[in-house]
Amino acid sequence: MALTDNRKENGTETAAVPPRGRTVRRRTRPDPAARSRGGQRFVLLGLVLASVYSLFPVYWLIIAATKDRVGLYQSNGLWFSDFHLWDNLQQVFTYEDGIFLRWTANSFLYAGVGSLGGTLIALATGYGLARFDFPGRGVVFAAVVGSFLIPIALLTLPLYLMFSAIGLVDTPWAMLIPCLINPFSVYLAKVYTEATIPFELLEAARIDGAGELRIFVSIVLRMMTTGGATVFLLAFVNTWNAFFLPLTVLRGEENWTLNLGLYNWTGKRLESGVDLTSLVLTGALLSIVPMAVMMVAMRRYWRTGVTLGALK
Amino acid sequence: MIRSQRWKGAAFTVPFQLGFVFLYLLPIGYAVYQSLYLEKQSGLGLGGATTEFVGLENYRNGLTDSAFMTSILRVVLFACVQIPFMLLISLVLALFLDAVTSKVAGRYRIMLLVPYMIPGVVAAIVWINLYSPEVGPLTPLGELFGFDWNFFAPSMVWPAIGNLLTWHGIGYNMVIIYSALQGVPRELFEAARLDGASELRIALSIKVPFVRGALVLTALLSIIQMLQIFNEPALFRNVTPQTVSDSFTPIMIIYNQAFNAANYHYAAALSVLLAVILGVASFLFYRLTSREAD
């Protein structure tokens with residue numbers, strides 16, 4: 001249908017639309033490679049500009065992390081001045097008895113343990129939803145999808161009150177427990193199960209006398225390594241990036257995440273007149289490193305994960 | 001499937017169901033319950049506070065609270081500008097990636113996805129420092145070209161946040177649209193080319209209609225996020241409180257009501273209101289876009 005429209009419009013409109021140089025080629029209809037050379041150059045220019053835009057802040061951050069306070073305020077922001085990266089790192093890690101390390105460890109704890117537990121629960125749930133037809137299955141799935149629309153504030157504020165009633169506020173549990181239940185992970189796990197676990201295989205295992213739990217542990221989980229890794233990766237990134245939940249449920253510095261700590265450092269200047277800008281920037285750079293390493297190491301997984309939600 | 005087997009299947013979902021009840025349903029129910037009450041000082045405040053059932057009073061107050069309604073309007077207006085802008089760039093970049101060889105596309109895709117790898121809080125910190133008149137390179141860069149811009153001026157705060165969100169979001173949205181583009185049957189392009197269609201015409205008449213679903217999805221996700229925007233304005237406020245008020249966005253108001261004004265009941269009512277608005281907005285958007293497709 002689009003094609004017929006296209007043909008019709010093409011006759012009347014192309015003269016105004018295409019970039020210069022293409023009209024002639026279209027008339028002679030050469031091979032595809034030659035046809036679009038001018039267009040290719042335009043496209044590449046666009047991609048280069050967009051890449052510069054995407055990378056520029058990171059480039060600036062790397063440069064800024066190598067400067068001391070004087071350099072930060074007085075030298076050209078776009079190029080290196082005196083190299084102080086090691087001093088900055090040392091300051092970041094020793095500030096207030098190494099609180100930054102503590103925050104890093106907390107971030108790893110919450111994101112790592114929380115996502116691991118959340119992924120296991122999600123895989124089991126996704127498998128149950130995808131491969132069994134039990135009463136109430138539709139309700140569970142509707143709850144999963146419906147919860148995408150719930151604003152964080154609606155959940156986080158009452159959770160704070162509930163957690164404070166049972167004494168969990170300001171403990172690692174206040175971060176870990178909410179991470180265990182992640183509807184988006186369940187959704188992904190269901191989609192992956194549908195794609196990788198054939199019914200026939202489960203039937204065959206049952207005929208061989210394997211119990212349902214055994215089938216799940218030794219067949220399904222094993223076949224779902226890729227899907228599970230994606231679910232874990234996305235949950236990890238999500239928790240690592242979380243801000244509203246930790247801001248709400250964590251009060252004492254020693255339980256904070258990196259995000260909270262950096263947020264606090266950026267406010268220090270107005271709060272108490274201490275300018276921590278160079279610490280903040282070095283810390284910001286450091287906090288990107290685990291994400292970057294993980295994303296690059298596991299890029300095979302997250303590429304599919306990022307796009308899967310869209311395709312289904 | 002045998003009956004007992006079905007129940008065993010259901011058992012796999014039990015941990016999630018339990019967690020969902022305790023971490024989703026119960027908090028929502030609790031918020032709704034709390035929103036119907038109000039803490040009132042008895043007499044001159046000497047007898048301490050008592051909690052009274054007030055019915056829908058908190059909701060009535062919320063709907064007539066000009067700060068809350070202004071913050072919603074502010075965010076909605078901002079969404080109407082920033083989201084189409086960001087998605088247009090993402091779409092164009094996805095079409096660009098689709099127009100080059102897959103090897104070249106792979107290289108640029110990684111570079112364009114770099115912002116997505118950066119946590120939102122860190123992205124905001126970096127851009128705030130880029131904007132900063134003291135340490136950022138953008139102010140001297142602007143002077144070089146004769147611009148005298150101050151990103152911390154109140155009139156510039158939305159463009160500043162908009163740029164930050166766009167920078168952070170284009171890579172992610174581009175990848176979703178790009179992967180939808182991969183699903184377009186390649187024969188269509190060949191047929192169109194034989195008919196004499198230009199590459200631009202193919203992009204506009206075949207590719208764009210084909211990725212409509214992906215565009216609707218990315219727009220919907222962006223709308224949901226935007227109505228709940230908190231991190232970026234909170235970080236701006238942390239650095240320049242004169243630029244961003246503490247009632248700048250709905251979630252900021254809710255947070256302040258709960259934790260600074262200790263008015264939890266009102267905060268609960270506002271968060272229920274926000275959830276309803278979010279649901280209605282998503283539903284309307286979905287209906288509008290799916291009707292056009294027919």
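Brief remarks follow.
- Number of positions in the stretch A:164-175 that are surrounded by fewer than 20 Cβ atoms within 10 Å (Cβ to Cβ) and part of a helix (DSSP H, G or I): 3
- Being without any contact (Cβ under 8 Å) to a residue 24 or more places away in the chain, surrounded by fewer than 22 Cβ atoms within 10 Å (Cβ to Cβ) and either at the interface with another protein chain (Cβ under 8 Å from one of its Cβ atoms) or closer than 30 Å to B:SER179 by Cα (or both) is true of B:LEU221.
- Residue in the stretch A:177-196 that is facing chain B (nearest Cβ under 10 Å) and over 24 Å from the mean Cα position of the chain (by Cα) present: no
- Annotation: of all residues in the stretch A:222-248 being among the aliphatic types (A, V, I, L, M) and part of a loop (DSSP other than H, G, I, E, B), the one that is farthest from the other protein chains (Cβ to nearest Cβ) is A:MET224.
- Residue match in the stretch A:38-48 (condition: out of contact with any Lys or Arg (no Cβ under 7 Å at 6 or more places or on another chain) and either in a loop (DSSP other than H, G, I, E, B) or within 21 Å of B:PRO119 (Cα to Cα) (or both)): no
- Which numbered condition A:LYS67 fails, given (1) surrounded by fewer than 17 Cβ atoms within 10 Å (Cβ to Cβ); (2) at pLDDT below 90: (1)
- Selection of the stretch A:192-215 for residues being on the phi > 0 side of the Ramachandran plot and among the aromatic types (Phe, Trp, Tyr) yields an empty set.
- Index of the failed condition, A:PHE56 passing every other in (1) part of a helix (DSSP H, G or I); (2) facing chain B (nearest Cβ under 10 Å); (3) crowded, with 18+ Cβ neighbours inside 10 Å: (3)
- Any hit, the stretch A:208-215, residues being modelled with pLDDT under 95, over 24 Å from B:ARG6 (Cβ atoms) and assigned to a helix (DSSP H, G or I): no
- Those helices (runs of 4 or more DSSP H) lying entirely in the stretch B:91-205 with at least 1 residues in the same structural domain as B:GLN242 (by TED's automatic domain parsing) and over 25 Å from the mean Cα position of the chain (by Cα): B:102-113, B:138-144, B:186-194, B:199-202
- Of the candidates A:LEU188, A:LEU180, the single residue that is under 21 Å from A:THR239 (Cα atoms), of a type in the set (A, V, I, L, M) and touching a Pro at 6+ places or on another chain (Cβ under 9 Å) is A:LEU180.
- Which numbered condition A:ALA143 fails, given (1) away from chain B (no Cβ under 12 Å); (2) closer than 30 Å to B:PRO250 by Cβ; (3) among the aliphatic types (A, V, I, L, M): (1)
- Residue ranges of helices (runs of 4 or more DSSP H) in the stretch A:72-156 with at least 2 members small (Gly, Ala, Ser) and more than 30 Å from B:ALA267 (Cβ to Cβ): A:99-131
The values are calculated or read from the model by the stated rules, or taken from the named source; none is laboratory data. None of these values were measured; they are calculated from a predicted model. Every residue, glycine as well, gets a Cβ built from its backbone with ideal geometry; the counts of neighbours run over all protein chains shown.
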